[in-house]
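The values are calculated or read from the model by the stated rules, or taken from the named source; none is laboratory data. From a predicted model like this one, the values you see are computed outputs, not experimental measurements. Here the Cβ positions follow ideal geometry from the backbone for every residue, glycine too, while neighbour counts run over all protein chains shown.
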Amino acid sequence: MKGRIVWVVVADGARARIYAANQAGRNLRPALGYELVGDRRHGRDIVTDRPGRTKDRAAQGRHAMEPPTDPHEQQEIALARELAHLLDEARRKREFDELAIIAEPRMLGRIRTFLPQETRKAVRAEVPKDLSRLELRELEERVPQLI
């Protein structure tokens, strides 16, 4: 009988990598041929328009308005949405049996928000840590202890 396949998601606000592992969380190998990468540009490069101008009510003068949303936050939300969609599709295709999500705390919350209920049931472990900068060798040492 084939062992259960655990997909280990390692993410921060800028990128997400997905690995397949055995039930004990060992023998990590890339589950996809790519990683999901958000936009890493500076905020000034993402939003190219100059901010709007407004008048003060109390004083005489004009000043620039702040944008209503942070462009980096919008990029993180888009990445979390894309990741959740990818995980849901993989669950439907039975590419994994269980999920372990290791993500920076804010990103973990965003992923949770977008994961459909059926896919959430497959989540075995959620670890609020940012291990996204670790190489595969280092992850192989840490993941079994975390999940």
### Message
One residue is enough: does region 94-101 have a residue meeting the conditions free of Cβ contacts under 8 Å to residues at least 12 places away in the same chain and touching a helix residue (DSSP H, G or I) at 6+ places or on another chain (Cβ under 9 Å)?
### Response
no
### Query
Taking the stated definitions as given, is Glu95 surrounded by fewer than 16 Cβ atoms within 10 Å (Cβ to Cβ) and either of a type in the set (Gly, Ala, Ser) or assigned to a loop (DSSP other than H, G, I, E, B) (or both)?
yes
### Task
Could you list, in sequence order, all residues of region 1-45 that are of a type in the set (Asp, Glu), at pLDDT below 85 and in contact with a helix residue (DSSP H, G or I) (Cβ under 7 Å, 6 or more places away or on another chain)?
Asp39
### Query
For region 106-143, how many residues are in contact (Cβ under 8 Å) with a residue 60 or more places away in the chain, crowded, with 16+ Cβ neighbours inside 10 Å and not hydrophobic (A, V, I, L, M, F, W, C)?
4
### Query
What number of residues within region 99-147 satisfy the criterion of being over 17 Å from Ala31 (Cα atoms), β-branched (Val, Ile, Thr) and not in a helix (DSSP H, G or I)?
2
